[in-house]
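Step one of this worksheet: look at the structure below.
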Amino acid sequence: MKRNYYIVIFYIVFIDDMPDNELMELIARLLREAEIMYLATNGADGHPQIRAVFNLRNEKQFPTLSFLNQDPDDITITISTNTSSRKVEEIKNDSRISVYYCKPGEFNGVQLSGMAELVEDTDLQHRIWVDGWERYYPLGPEDPDFALIMMKPSLARGWATPHKFEVSLE
């Protein structure tokens, strides 16, 4: 098998003949188009805990949040959740998380991994707020049970048929 090495933002990457600009475009597209994002945290029992969460970057589902996609090189992940949720407790105990985006019909997917941060930023909570979320957070964007989790990925792994890739983003 022929292997090529590319430099992506000053990092050496192994990719099966896939140009780095195509890879970053694929990742950005998956973040914009995947219907669901899967979040993995580390549970208290040591087992991974995986659940589906809103993909706030999905432009069809969340058109008011299109600002999250303005910079194609910024793939910071933003997750809305309940402060009282198990995932928040797990992140407080171990901030390592992974998220997964895929388009199964295209056989394309990406896992992004990094350190999660619980963000307390009222202005950002108001910017992220989506009409209808009152069912989850009755007091609105300043509800004490409304939390934001952010993660700047340090690693991307995935496939873009027929290519597999692993990229350090640090």
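When each of TYR100, TYR38 is scored by the number of other beta-carbon atoms lying within 10 Å, the sequence from fewest to most is TYR38, TYR100. Site pair GLU25 and GLU89 shows an inter-label distance of 4.6 nm when each label is modelled 7 Å from Cα along Cα→Cβ. Just to be sure I understand the curve: with the Debye formula and one point per C-alpha of the chain, what is log10 I(q)/I(0) at q = 0.10, 0.16, 0.19 Å⁻¹? At q = 0.10, 0.16, 0.19 Å⁻¹ the computed log10 ratios are -0.40, -0.97, -1.28.
Only lysine pairs 8 or more places apart, or on different chains, with alpha-carbon atoms under 26 angstrom apart are counted in the chain, and they number 10.
Across the stretch 103-117, computed HN-Hα scalar couplings (Karplus, 6.51 cos²θ - 1.76 cosθ + 1.60, θ = phi - 60°) run 10, x, x, 9, 6, 10, x, 9, 9, 10, 10, x, 9, 7, 10 Hz from first to last residue, x flagging Gly and Pro.
No lab work stands behind these numbers, since they all come straight from the coordinates. None of the values given here were measured: they were computed from a predicted structure. Here the Cβ is made from the backbone with ideal geometry for all residues, glycine too, and neighbour counts use every protein chain on show.
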